[in-house]
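*Asks:* Structure below; questions to follow.
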Amino acid sequence: MHKIKFEDIVMFENDNYVVVNKPAFIATLEDRNEPVNLLGLARQFYPDAQVCHRLDKETSGALAIARNPEAYRNLSIQFEKREVTKVYHAVTDGLHQFSDFLVDAPILKQDDGTVRISNREGKPAQTWFNALKSFRNHTLVECKPVTGRMHQIRIHLSISGAPIMGDNVYGGKPFYLSQVKRGFNLKKGTEEEPFMKRMALHAFSLRFLDVDGSEVSVEAPYHKDMAALVKQLEANR
């Protein structure tokens, strides 16, 4: 799973930043239980590399890495001031007509590594949602987080009645091919596996300013599993 060649996932690179298309199932930062992480891979090429933001382990897509301290400071300030434009794509359960739909619901981190909505103790969190495509029982949704709280998109979609497919922590259901394919036959004595082995969430694009003020804008193509999922849903609308 973790035989990742760092140079294969680089989408953009200059003297200050590297933007990669992060594979799923790899931690962004050092993790006691994981021998491989993105920051460790980056530091083999850029000794001063620092990750400017995080993606959940299961989430794929665009992730910016600073190559030097000045670049890290520059982007950290933009994240703090909410000047970085991040766009995610999610396949959600159910049919939804989101059109510039804003969820403004404070998020509280729990001790067990999950989050919940808490108006009293939570930190402010806002996300914009737009439906991009409707399928038979699912919707492809564009998600634009204003703030960057942990699990923000996941819980905001969940409380909107649109949990992310395969996100069992926040109510998403796994997707099986037998749900859409007529006459789907399994080999005898085998159990059907979910079509996608993770939640259907992908960091689609990232836009920020370089140290000299010029714009860096990068789009990350879907990974194989997400691309295959969308194709399957389209074919069986």
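*Asks:* Kindly indicate which of GLU58, GLU34 is touching a Lys or Arg at 6+ places or on another chain (Cβ under 6 Å) and among the charged types (D, E, K, R). Steps first, please.
*Replies:* Details: GLU34 fails: touching a Lys or Arg at 6+ places or on another chain (Cβ under 6 Å).
None of the others qualify; the one that does is GLU58.
*Asks:* Considering only the stretch 58-77, how many residues are farther than 19 Å from VAL10 by Cβ and crowded, with 16+ Cβ neighbours inside 10 Å? Don't jump to the end; show me each part of the working.
*Replies:* Just the residues of the stretch 58-77 that are farther than 19 Å from VAL10 by Cβ, to begin with: 58, 69-70, 73-74, 76-77.
From what is left, the residues that are crowded, with 16+ Cβ neighbours inside 10 Å are 58, 74.
Summing the residues that are farther than 19 Å from VAL10 by Cβ and crowded, with 16+ Cβ neighbours inside 10 Å in the stretch 58-77 gives 2.
*Asks:* If you take the residues of the stretch 156-167 that are part of a helix (DSSP H, G or I) and touching a residue at least 24 places away in the same chain (Cβ under 8 Å), which of them is nearest to MET196 (Cα to Cα)?
*Replies:* Among those residues, the one meeting the criterion is LEU157.
*Asks:* Continuing with the same structure: For the subset of the stretch 81-107 comprising residues that are more than 19 Å from HIS202 (Cα to Cα) and among the small types (Gly, Ala, Ser), which member is surrounded by the most Cβ atoms within 10 Å (Cβ to Cβ)?
*Replies:* The residue in question is ALA105.
*Asks:* Related question: What are the residue pairs meeting all of these: first residue in the stretch 169-189, first residue more than 21 Å from LYS231 (Cβ to Cβ), second residue hydrophobic (A, V, I, L, M, F, W, C), Cβ atoms under 7 Å, and 6 or more apart or on different chains?
*Replies:* So the pair list comes out as TYR170/ILE155.
*Asks:* Going through LEU102, LEU95, LEU108, LEU157 one at a time, which residue ends up being at pLDDT 95 or above and in contact with a Gly (Cβ under 8 Å, 6 or more places away or on another chain)? It would help to see each step written out before you state the result.
*Replies:* Values: LEU102 fails: in contact with a Gly (Cβ under 8 Å, 6 or more places away or on another chain); LEU95 fails: in contact with a Gly (Cβ under 8 Å, 6 or more places away or on another chain); LEU157 fails: in contact with a Gly (Cβ under 8 Å, 6 or more places away or on another chain).
That would be LEU108, the only listed residue that is at pLDDT 95 or above and in contact with a Gly (Cβ under 8 Å, 6 or more places away or on another chain).
*Asks:* Within the stretch 25-46, take every residue that is touching a helix residue (DSSP H, G or I) at 6+ places or on another chain (Cβ under 9 Å) and over 12 Å from LEU63 (Cβ atoms) and give me the one that is modelled with the lowest pLDDT.
*Replies:* Among those residues, the one meeting the criterion is GLU30.
*Asks:* If only one of LYS123, LYS144, LYS86, LYS133 is more than 16 Å from LEU55 (Cα to Cα), among the charged types (D, E, K, R) and within 19 Å of the chain's Cα centre (by Cα), which one is it?
*Replies:* Values: LYS123 fails: within 19 Å of the chain's Cα centre (by Cα); LYS144 fails: more than 16 Å from LEU55 (Cα to Cα); LYS86 fails: more than 16 Å from LEU55 (Cα to Cα).
Exactly one of LYS123, LYS144, LYS86, LYS133 is more than 16 Å from LEU55 (Cα to Cα), among the charged types (D, E, K, R) and within 19 Å of the chain's Cα centre (by Cα), namely LYS133.
*Asks:* When residues of the stretch 168-206 are filtered for being of a type in the set (S, T, N, Q) and in a helix (DSSP H, G or I), how many remain?
*Replies:* Taking the stretch 168-206 and keeping what is of a type in the set (S, T, N, Q), we get 168, 178-179, 185, 190, 205.
Filter once more, keeping what is in a helix (DSSP H, G or I): 168, 178-179.
Matching residues across the stretch 168-206 total 3.
*Asks:* So, one more: Please give the strands (runs of 3 or more DSSP E) falling wholly within the stretch 37-155 in which 1 or more residues are in contact (Cβ under 8 Å) with a residue 60 or more places away in the chain and within 24 Å of LYS173 (Cα to Cα). Don't jump to the end; show me each part of the working.
*Replies:* On the way: elements: 60-66, 85-93, 101-104, 107-109, 115-117, 126-134, 138-145.
Here the list reads 60-66, 85-93, 126-134, 138-145.
*Asks:* Tell me which of these MET226 doesn't satisfy, since it passes every other one: (1) at pLDDT 95 or above; (2) of a type outside the set (Asp, Glu); (3) surrounded by fewer than 18 Cβ atoms within 10 Å (Cβ to Cβ).
*Replies:* Every condition holds for MET226 apart from (3).
The values are calculated or read from the model by the stated rules, or taken from the named source; none is laboratory data. On a predicted model such as this, the values are computed, not experimentally measured, just so you know. Because the Cβ atoms are built from the backbone with ideal geometry, glycine has one as well, and the counts that use them run over all protein chains shown.
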